[in-house]
1. With more than 11 Å from chain A (Cβ to nearest Cβ), of a type outside the set (A, V, I, L, M) and free of Cβ contacts under 8 Å to residues at least 60 places away in the same chain as the only criterion, which of B:Gly77, B:Gly83 stands out?
2. Quick one: in segment A:149-162, of everything that is among the β-branched types (Val, Ile, Thr) and touching a Phe, Trp or Tyr at 6+ places or on another chain (Cβ under 7 Å), which residue is nearest to B:Val129 (Cα to Cα)?
3. Helices (runs of 4 or more DSSP H) wholly in segment A:55-155 with at least 1 residues that are facing another protein chain (nearest Cβ under 9 Å), closer than 23 Å to B:Phe99 by Cα and out of contact with any Asp or Glu (no Cβ under 6 Å at 6 or more places or on another chain) - which ones?
4. With among the aromatic types (Phe, Trp, Tyr) and either crowded, with 20+ Cβ neighbours inside 10 Å or under 30 Å from A:Ile136 (Cβ atoms) (or both) as the only criterion, which of B:Phe146, B:Phe108 stands out?
5. Given the conditions (1) modelled with pLDDT under 95; (2) buried (at least 18 other Cβ atoms within 10 Å of the Cβ); (3) within 22 Å of the chain's Cα centre (by Cα), and given that A:Trp79 satisfies all but one, which numbered condition is not satisfied?
6. Mind counting the residues in segment B:44-69 that are in a helix (DSSP H, G or I) and either over 16 Å from B:Gln31 (Cα atoms) or in contact with a strand residue (DSSP E or B) (Cβ under 8 Å, 6 or more places away or on another chain) (or both)?
7. When you scan segment B:45-55, do you find a residue that is more than 7 Å from chain A (Cβ to nearest Cβ) and charged (D, E, K, R), even just one?
8. Between residues in segment A:24-52 that are closer than 13 Å to A:Leu71 by Cβ and residues that are at pLDDT below 85 and part of a helix (DSSP H, G or I), which pairs lie under 8 Å by C-beta distance while being six or more apart or on different chains?
Amino acid sequence: MNFYLKSFLIFTRIGLFTIGGGYAMVPLIEADLVDKRKWISKEDFLDLMALAQTVPGIFAVNIAIFIGYKLRRFWGAFWMAAGTILPSFVIMLGIALFFRQFQHIEAVENIFKGIRPAVVALIAAPTFKMAKSARISRYNIWIPVVSALLIWLLGFSPIYVIILSGAGGYLYGRYRHRQDRKEEKK
Amino acid sequence: MIILFLKLFYTFFKIGLFGFGGGYAMISMIQGEVVTRYGWLSTSDFTDIIALSQMTPGPIGINSATYVGYVAVVNGGYSHAMGILGSAIATFSVVLPSFILMILISRFFLKYQRHPAVEAVFSGLRPGVVGLLAAAALVLMNGENFGTEHTQQIVSAILFIAVFIASYRYKANPIMLIIGCGILGYLIY
């Protein structure tokens, strides 16, 4: 089978069977491409994973793009990304076309009245998990608190928060760097 | 029509370009643009989409781009076919930045990943992303999602606390939690 068609189908299958986001895809990709097909070495895979996590964008698609690009440059990346996207695209389009007709039935409304608070809780819970892995301490806790309040109460765009916190981190890093140099001179 | 397509392209391109920190952090960004800024979806519609995304395969960024692209166009008074085109445009735009970045940086990045400047940027970004997540949860805690009358608000608060504990302390499966709360909602209301 043609390499591109094969990669497309592998990632379609992986995209179809991962419910709940990008991180669920990682073990499937590893089992298939690293262990079974040996298209990519374990070390390269780990490097690409770190890269896919660092750059912005959708993690699952980033992994597909980086692996594809490593193996076959642009078209490798293109077909692997297309494979990852296709199942969710088709399913969500189906939901958009049909769900909206059922949305206003009373039973469906009632089901979603129960679901909505659950979804909010499912978003609130990882906030605290992430706070741990982001090494939030009493020195930098003001950053998430101020960001959240700006967005929530003042309607600030989250994009500005991303830009400001990245730029702030960079400037603080340079400041620290200079301070360290001064200390060394003394 | 063209203007709406351009807006979709611009919005989802931005979301893809600044979407640091994974799916849940992206929720905050999509909400800021799609609900607060353009009003393409109501808060409750947006919450329903997150619920449906959790239960269906695929990353939440793709799921919401596909859905919003369709709904924004159809609610703007255009046909289903145009809606499908809108959803293709939104989905394409949200992944386009990843492609561009890959081509620009893949050669250099592995070398500079541990560069002090890159690490410094991320020392600011990580706490910022935590704030984004907190904001996503806070913005969604409103009358559309928790109800406006007293009984529904109490039921909603109980469900919220129960799901929070089940997810945070006991790492319960989110799909099961959503299905369970759906059944409870059907029985209670």
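1. On the way: B:Gly83 fails: more than 11 Å from chain A (Cβ to nearest Cβ).
The conditions single out B:Gly77.
2. Within segment A:149-162, the first condition is being among the β-branched types (Val, Ile, Thr), and the residues that meet it are A:151, A:159, A:161-162.
Checking which are touching a Phe, Trp or Tyr at 6+ places or on another chain (Cβ under 7 Å) leaves us with A:159, A:162.
Numbers: A:Ile159: 10, A:Ile162: 7 Å.
Ranking the qualifying residues of segment A:149-162, first place goes to A:Ile162.
3. Fully inside segment A:55-155 and qualifying: A:59-102.
4. Answer to the check: B:Phe146.
5. It is condition (1) that A:Trp79 fails.
6. Here is the first cut: in segment B:44-69, the ones in a helix (DSSP H, G or I) are B:44-55, B:60-69.
Now restrict to residues that are either over 16 Å from B:Gln31 (Cα atoms) or in contact with a strand residue (DSSP E or B) (Cβ under 8 Å, 6 or more places away or on another chain) (or both): B:54-55.
Count: 2.
7. yes
8. Qualifying pairs under 8 Å: A:Ile40/A:Leu48.
The values are calculated or read from the model by the stated rules, or taken from the named source; none is laboratory data. As the structure is a computational prediction, the values presented were derived from the model and not from experiment. Virtual Cβ from ideal backbone geometry, glycine too; neighbours counted across all protein chains shown.
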